[in-house]
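What follows is a short report on a single structure.
The values are calculated or read from the model by the stated rules, or taken from the named source; none is laboratory data. Please read all numbers here as calculations on a predicted model, not as lab measurements. Note that each Cβ is placed from the backbone with ideal geometry, even for glycine, and that neighbours are counted across all protein chains shown.
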Amino acid sequence: MSISRRKFLLGAGAGAIAAPGIANLAVGKVGVEVDSHRDPSLWSDQIAAFAPQPRYQGDRHVDVAIVGGGYTGLSCAYYLKKLRPDWSVVVLDSHAIGSGASSRNSGAISPRYVGIDDVDMPLRGLDRLKQFIATENIDCDFSPATNLRVFTSKSEGDDAQAGLQAGETWIAAGELTERINSDYYQGGAIESHGNYKVHPAKLVHGQAQAALNQGVELFEQSPVLDVQPGKPARLLTPGGEITAKHVCIATNAYTPRLGWLSSKMFPVHQYTFATRKLSDKEIQSLGLDQWDIRFEDVMLPVTFRLMSSGHFFVRMVLGYASHDSGNWKDIAGAQQLAQRVFEQRYPSVADIGLKHGWHGVTGHTPLMQPIMGPVGDGNIHVSAAYNGLGIMPSHNNGYLTACNIVGEEDQDLRFLTGEKGLAPFPGDFYRSLMLKPFMNVMTPV
């Protein structure tokens, strides 16, 4: 019997709530992983490195301190300075600016929030991202995308075909086999439009430059070791202390290690493996030029994409690492797993060989709800747990957080509910007991 990822996580969340005392055993702060190494993604390798930013040194007071220099933190900083140019705004990142999930994702953009059923709010968020890219003249290969959702079994395909939505096109298994040179997907596929694609590293570099242009101060290799609530809040770093009227925690999957939301969210690791650059003739002969992004509708998502550079990659879920760690020890095993995925789905591509690999980590909640809004005393704001689909929501949440901090009205501030309604998730022993065996069993090979 097949079970959806959402149903499993709902069950896990319900179990955490029902089991007496278990949810209260969540591990607290176990420490920011300041020495973890991040090899650059292929996205980052393709472009010039962003200008180095200084390390934070000294003690000072600011209006807003933002922890995390990715999509969310840079967006929040940008809009804060647009709304209040007189305010002092600093962004601190434990590594290089934009070196986390913001430059390691698939570059797929959808006009929706995972966990929010409202239709109009995500569309407003998408329009805001488009406007930002146009206004700041960011060259990030942003363009419409044709997506393909593929099914491995006939029963899954039949169910999907029965629920076909307006604007979607059904592709039968036989036709799909001919077009993609693979007979793996016996359930057929759904072609859809209305989505977008982007070069993730170009986008986050553009956001960083836009923030600098507004007068935001960026600090890298400057980990925030502790955020202490209060008015003002205190941020402790190796180089000194910051007091701030407001704090935005924009660390997504790394948030629990900072000591926040450890009982509400958890990190999930991914690995991406790409071919060498393919020629136009190879791309056409392999059937890789017909759809921009291909998704497998399975428990642990598998994504394939042809990059504008001619590299074809697979992005897949690895699992959960103990103690909410952002590090994955078995990279060699991840590469072998990705190789097997390619051999099963696209044996002709696998024969070409895989050359470029990179690891990433995303933030999730048991009921697949995003976390956004003020927590604690109200002057600490969190945006995290995009549940694997975060490019547009992270930018939009940065804007909404900025509005909330400065008191700017917006109809979508009602979605900034903080921790309200979030299901608790048990501590490391129990989440490891649930997540690790499950993800091992559901590995898509």
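Key figures
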{"quantity": "Condition met for Ser88 (at pLDDT below 95, among the hydroxyl-bearing types (Ser, Thr, Tyr), surrounded by fewer than 24 Cβ atoms within 10 Å (Cβ to Cβ) and in contact with a strand residue (DSSP E or B) (Cβ under 7 Å, 6 or more places away or on another chain))", "calculated": "no"}
{"quantity": "Residue within segment 402-414 that is of a type outside the set (Asp, Glu), assigned to a loop (DSSP other than H, G, I, E, B), modelled with pLDDT of 95 or more and surrounded by fewer than 19 Cβ atoms within 10 Å (Cβ to Cβ) present", "calculated": "yes"}
{"quantity": "Qualifying position, being in a helix (DSSP H, G or I), of a type in the set (Val, Ile, Thr) and farther than 13 Å from Ser94 by Cα, among Val247, Val227, Val204", "calculated": "Val204"}
{"quantity": "Members of segment 207-221 that are in contact (Cβ under 8 Å) with a residue 40 or more places away in the chain, closer than 16 Å to Val64 by Cα and outside any strand (DSSP E or B)", "calculated": "Ala211, Gln214, Gly215, Val216"}
{"quantity": "Positions within segment 135-166 being closer than 26 Å to Met307 by Cβ, of a type in the set (A, V, I, L, M, F, W, C) and out of contact with any strand residue (DSSP E or B) (no Cβ under 8 Å at 6 or more places or on another chain), in sequence order", "calculated": "Ile138, Cys140"}
{"quantity": "Pair list, Cβ < 9 Å and 6+ apart or interchain, from segment 244-260 residues that are over 17 Å from Val361 (Cβ atoms) to residues that are of a type in the set (Asp, Glu) and part of a strand (DSSP E or B)", "calculated": "Ala244/Asp63; Lys245/Asp63; His246/Asp63; Gly259/Asp226"}
{"quantity": "Subset of segment 252-291 (residues that are of a type in the set (Val, Ile, Thr), buried (at least 22 other Cβ atoms within 10 Å of the Cβ) and over 23 Å from Tyr430 (Cβ atoms))", "calculated": "Thr272, Thr275"}
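Condition check ((1) of a type outside the set (D, E, K, R); (2) farther than 14 Å from Ser192 by Cα; (3) exposed (fewer than 15 other Cβ atoms within 10 Å of the Cβ)) across all residues:
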{"position": "Arg104", "(1), (2), (3)": "no, yes, no"}
{"position": "Asp120", "(1), (2), (3)": "no, yes, yes"}
{"position": "Arg128", "(1), (2), (3)": "no, yes, no"}
{"position": "Phe132", "(1), (2), (3)": "yes, yes, no"}
{"position": "Phe142", "(1), (2), (3)": "yes, yes, no"}
{"position": "Val150", "(1), (2), (3)": "yes, no, no"}
{"position": "Ala162", "(1), (2), (3)": "yes, yes, yes"}
{"position": "Ala166", "(1), (2), (3)": "yes, no, yes"}
